[in-house]
1. Tell me, yes or no, whether segment 329-341 has at least one residue that is within 11 Å of the ligand (Cβ to nearest atom) and farther than 23 Å from G60 by Cα.
2. Quick one: how many residues across segment 304-348 are in contact with a helix residue (DSSP H, G or I) (Cβ under 8 Å, 6 or more places away or on another chain), open to solvent by 30 Å² or more (accessible area, probe 1.4 Å) and of a type in the set (D, E, K, R)?
3. Tell me, yes or no, whether segment 281-290 has at least one residue that is in a strand (DSSP E or B), open to solvent by 30 Å² or more (accessible area, probe 1.4 Å) and more than 16 Å from the ligand (Cβ to nearest atom).
4. If we keep just the residues of segment 201-217 that are touching a residue at least 24 places away in the same chain (Cβ under 8 Å) and open to solvent by 30 Å² or more (accessible area, probe 1.4 Å), which is nearest to E232 (Cα to Cα)?
5. Just one of T167, T182 is in contact (Cβ under 8 Å) with a residue 24 or more places away in the chain and surrounded by 23 or more Cβ atoms within 10 Å (Cβ to Cβ); which is it?
6. Can E252 be described as part of a helix (DSSP H, G or I), charged (D, E, K, R) and either open to solvent by less than 40 Å² (accessible area, probe 1.4 Å) or within 16 Å of the ligand (Cβ to nearest atom) (or both)?
7. Which condition does W84 not pass, out of (1) over 25 Å from L159 (Cα atoms); (2) outside the structural domain of R294 (by TED's automatic domain parsing), if it passes all the others?
8. Is there any pair linking a residue in segment 38-54 that is over 14 Å from Y205 (Cβ atoms) to one that is open to solvent by 50 Å² or more (accessible area, probe 1.4 Å) and near the ligand (Cβ under 6 Å from one of its atoms), with Cβ under 7 Å and at least six apart or on different chains, and which?
Amino acid sequence: MAHIGIVGAGLAGAGAAYALRDTDHDVTLVEKSRGVGGRAATRRKHGCRYDHGANYVKDGDDRTVELIRELGADGLVDVEEPVWTFGRDGEIEPSDRQESHKFTWEAGITQFAKRLLAATDAEVRTTVRAASVARDADTGTWTVTDTDGDDHGPFDRLLLTPPAPQTAALLAATAWDGDGGTLGALREAVEAVEFRTIRTLVLHYDFAVDVPWYAVVDVDKEHDVGWLAREECKDGHVPDGESLLVVQMGPEWSLAHYDDPLDEAAATVAGKAADLVGDDRLADPDWADDQGWRYALPDTGLDPSAGAVEAAREAGLHLAGDWVAGEGRAHRALWSGVEAGERIDGSL
Ligand SMILES: Cc1cc2nc3c(=O)[nH]c(=O)nc-3n(C[C@H](O)[C@H](O)[C@H](O)COP(=O)(O)OP(=O)(O)OC[C@H]3O[C@@H](n4cnc5c(N)ncnc54)[C@H](O)[C@@H]3O)c2cc1C
């Protein structure tokens, strides 16, 4: 039986564990947060439930839809209302883009990773932040040391799934004797992947907003607001007669206002939401919440031709995530993880 370690229990990590579920390998995930799902995240507050990272899983391909259905149709939500667009002038209009399924769950989008992991025997160690990684030159195994100084492993194969800048930091804290230059080259390739920052503001109202769309997206990428969605379009998320807006701010605004206090940021963003939607009542939410996503979405992907990626795999060190797939999408992260799991199994 081989021991496999996975850093990160987002969709890539969960996907890798899922791919390994029918093997006799022993799989352990270490996750710095209290729960699983990573950027496909859900929070509960004041009787509402909201997906404040990824909004939904798009039916990017048939296998994604098939897998989602396989994991159980109970509580599955397919948002029916459309996504409309706006541009630099802030004029909202119907989109001519083809609508796809927009999947989440009544219990929130974290269900995706939870259901994947529930189908496995993998052990998930939450609130464990990996601080460094080391390879034993004699056995070729990998050990992960967390920020409390505790060791996890040894692992015959290790998969790193945090966003590229966090994976680069782990690689900077990796000890690998006689790596022949692979580690430096790998770190360089990972460091080259750029991520953008998004600050998400969540605004709640004790009245229902009456518009024909679920969400609006900035197609010119010049507005302060990048995306604004109505969480009440998801069954089970918001009580009837209330409204909850999830507003994702553009990267420029997000960086400039990343550390602004919540009440200040919420007041500013609520004003922008009111202007955009054309409803003055939105300037005054009855409560607000937020999340800063320092590493929200990859702007670029890992160079697949980087020789160090293959050399690292040969030494048992693998990478997965949306940034490895080259697109900031939940289903891309998932399949990147599944493929890494299959590759790991094939290497044993
Ligand atoms: C605001 C926002 C909106 C989005 N909207 C959509 C959308 O509508 N549709 C869509 O398809 N995609 C969307 N995405 C993108 C989608 O969320 C991601 O592509 C996907 O969730 C990435 O999964 P992952 O497993 O690659 O990474 P992550 O989800 O980031 O998982 C990595 C995990 O590693 C953990 N970790 C990091 N460092 C360590 C460490 N040192 N030790 C232990 N654990 C660690 C993290 O806590 C995390 O759980 C959105 C993302 C954001 C931020």
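The values are calculated or read from the model by the stated rules, or taken from the named source; none is laboratory data. Remember, it's a predicted structure, so these values are computed and weren't measured experimentally. Every residue, glycine among them, receives a Cβ derived from its backbone with ideal geometry; neighbour counts consider all protein chains shown. What goes into the accessible areas is simple: the full protein's heavy atoms, side chains included, and nothing from ligands, DNA or RNA. Shrake-Rupley method; radii C 1.70, N 1.55, O 1.52, S 1.80 Å.
1. Scanning segment 329-341, I find no residue that is within 11 Å of the ligand (Cβ to nearest atom) and farther than 23 Å from G60 by Cα, so the answer is no.
2. 7
3. yes
4. If we take residues in segment 201-217 being touching a residue at least 24 places away in the same chain (Cβ under 8 Å) and open to solvent by 30 Å² or more (accessible area, probe 1.4 Å), then A208 is nearest to E232 (Cα to Cα).
5. T167
6. yes
7. W84 satisfies all of (1) over 25 Å from L159 (Cα atoms); (2) outside the structural domain of R294 (by TED's automatic domain parsing) except (2).
8. Hits for this filter: G53/R39; A54/R39.
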